[in-house]
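Below is one structure, written out as structure tokens; comments come after it.
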Amino acid sequence: MPVDSKHGLYSKSLPDWVQVRDCMAGERAIKAKGEEYLPRLSGMSDDEYLRYKKKVHFFGATARVADGLHGAVFSKPPQIAGEVPEQVLDAIRDVDLLGTTLDQFASDVVWDAMLTNWGGILVDYSKDAETVPLAEAEQRGYGAFMKWYQAESVINWRYGLVNGKEKLVMLVLHEPYSEVNPLDQFTEETFSRYRVLRLSLREGGFGEYVQDIYDDQVSMDTPVERDIPIRIRGEALYHIPFYPVPGKLPEKAMLLDLSFLNIGHYQESADYQNGKHYTSIPTPIATGCYPETDENGNAKPTFIGGTKFLHFNNESGAPIDVRFLEFSGQGMKALRDGINLTESQMAIMGAHIITAEKKGVESAAVAGIHRAGENGVLGAFTRNVSEQITKAVRMFLYWNGFEAESGDFDYQLNTDYETRADEARMLQVLLQGRQAGEFPKVTLYRFLKKAEAIPDDWDFDTFLAELESDTEWDASRRLYLDDGNTGGEPDPGAQE
């Protein structure tokens with residue numbers, strides 16, 4: 001089999017990935033696929049189909065929901081557990097040798113993996129890092145780095161038993177690249193490189209980690225580089241440092257069902273717009289007569305909208321009836337109702353940011369159940385991503401010489417997406433209780449801290465100091481006004 005052979009799950013999942021990405025790309029991408037997303041109506045000519053497609057717009061619900069989900073994950077900054085040495089913080093300010101910080105790298109990973117539910121992080125190294133002294137390698141920017149491979153690039157894989165544990169033993173990564181056309185410096189040609197990561201076979205099982213490189217410019221049957229040994233400061237690796245996100249195998253993307261509804265909405269909207277075009281404009285008709293003809297017996301064109309009154313031939317003597325034909329019936333209402341139903345279904349699937357406010361009142365318990373369901377899907381995804389990023393960063397740190405620090409590193413993305421509708425009422429109760437002396441100040445501090453109403457770096461002492469400062473300012477202001485001053489506020493600096 002050639003190196004570009006696809007895993008069965010890859011081939012099965014690829015159409016879903018393409019569909020979600022097309023919905024994310026928006027109207028131009030959807031319309032460019034023509035009849036794949038908008039079937040031609042029976043009997044339509046090419047020109048009629050083009051007009052049919054132009055009249056409708058694609059509602060970008062999938063992209064807006066994705067924006068909301070990504071925003072929820074990063075509504076709070078990621079957290080690194082424990083005390084992290086400054087040199088480790090310096091290292092994670094550039095995790096890909098391109099100047100990308102770990103937080104930005106994580107944001108990119110979450111965004112892309114959210115669309116397909118598949119991809120992976122490879123921890124690799126600069127080839128020259130093993131050939132020069134460590135100090136020189138650091139000066140040149142050599143060393144280990146992290147690279148994200150999106151779902152479409154992870155084309156084949158295999159797991160096997162290694163010392164009684166199931167591990168990744170083979171992986172094929174597709175790496176498209178471009179080169180300037182030697183005959184035209186203003187154009188580029190695109191080629192494909194395939195990187196095969198594998199554990200070498202040896203008697204009794206699997207051995208060390210090596211890579212093979214194939215290039216379609218040379219050969220798809222014979223690697224241009226074979227059995228490239230991967231070393232960490234001269235020591236062989238016995239596992240493949242690739243961390244699939246969010247899990248070990250492709251699974252159904254969380255946005256796939258929404259994308260199907262989004263495309264169905266597009267098709268229903270096209271039928272509605274097409275029907276509205278043909279039914280909203282009254283059509284003039286005449287019965288009991290024939291149109292005027294020219295000398296060849298061909299019907300003359302009949303114009304409307306001018307100031308000239310038109311006469312018709314009436315050889316039969318039947319009454320002539322001239323009127324406008326107008327649409328009546330329930331057909332258009334049924335189309336509109338179908339669109340409304342689809343929009344409601346999209347809203348149920350998590351598109352809160354695209355739906356109108358509820359007409360009824362949703363109880364706090366029911367609202368909590370809805371939020372818990374969504375948080376369950378997004379929260380599970382985010383926890384898995386956090387785990388895989390943590391593993392990748394530990395390997396990245398270990399490879400770059402932070403052996404002691406790598407084992408303790410832990411990176412956690414936000415999984416708290418719930419917004420409580422009763423926070424304002426709770427705050428009012430706390431303030432009233434505080435004024436009555438029923439709650440200590442620390443209770444108010446903890447509530448405000450949890451609600452993120454005060455800065456993260458405020459401890460309880462800072463909170464008390466700010467309260468005291470405000471109390472002094474209020475007292476100063478009252479004295480100032482009691483003295484009859486109305487020309488402005490007192491100078492806050494004058495308190496000191």
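What the table below lists for this structure:
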| item | result |
| --- | --- |
| Residue list for region 73-98, filter: within 23 Å of LEU122 (Cα to Cα), loosely packed, with under 12 Cβ neighbours inside 10 Å and among the acidic types (Asp, Glu) | ASP90 |
| Odd one out for GLU189 among (1) of a type in the set (Asp, Glu); (2) closer than 20 Å to ILE228 by Cα; (3) touching a strand residue (DSSP E or B) at 6+ places or on another chain (Cβ under 9 Å) | (2) |
| Hits in region 12-39 - residues which are under 16 Å from the mean Cα position of the chain (by Cα) and farther than 17 Å from HIS265 by Cβ | ASP16, TRP17, VAL18, ARG21 |
| Listing of strands (runs of 3 or more DSSP E) fully contained in region 173-259 that carry 2 or more residues being under 30 Å from GLY376 (Cα atoms) | 242-244 |
| Members of region 15-60 found to be within 15 Å of ALA253 (Cβ to Cβ) and in contact with a helix residue (DSSP H, G or I) (Cβ under 7 Å, 6 or more places away or on another chain), listed by number | ASP16, TRP17, GLN19, VAL20, ARG21, ASP22, CYS23, MET24 |
| Output for region 191-214, where each listed residue is under 20 Å from SER153 (Cα atoms), surrounded by fewer than 17 Cβ atoms within 10 Å (Cβ to Cβ) and either in contact (Cβ under 8 Å) with a residue 24 or more places away in the chain or in the same structural domain as ALA144 (by TED's automatic domain parsing) (or both) | PHE191, SER192 |
| Tally, over region 40-68, of residues that are at pLDDT 90 or above, more than 19 Å from HIS265 (Cβ to Cβ) and surrounded by 14 or more Cβ atoms within 10 Å (Cβ to Cβ) | 1 |
| Positions within region 353-383 being surrounded by fewer than 16 Cβ atoms within 10 Å (Cβ to Cβ) and at pLDDT 85 or above, in sequence order | ALA380, ARG383 |
| Total residues in region 411-425, condition surrounded by fewer than 15 Cβ atoms within 10 Å (Cβ to Cβ) and modelled with pLDDT of 70 or more | 1 |
| Search result, residues across region 432-466 that are modelled with pLDDT under 80, of a type outside the set (Gly, Ala, Ser), surrounded by 13 or more Cβ atoms within 10 Å (Cβ to Cβ) and not in a loop (DSSP other than H, G, I, E, B) | ARG434, LEU444, PHE447, LEU448, LYS449 |
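The values are calculated or read from the model by the stated rules, or taken from the named source; none is laboratory data. In this text the structure is predicted, and so the values were computed from the model without any measurement. Glycine gets a Cβ as well: all are built from the backbone with ideal geometry, and neighbour counts include every protein chain shown.
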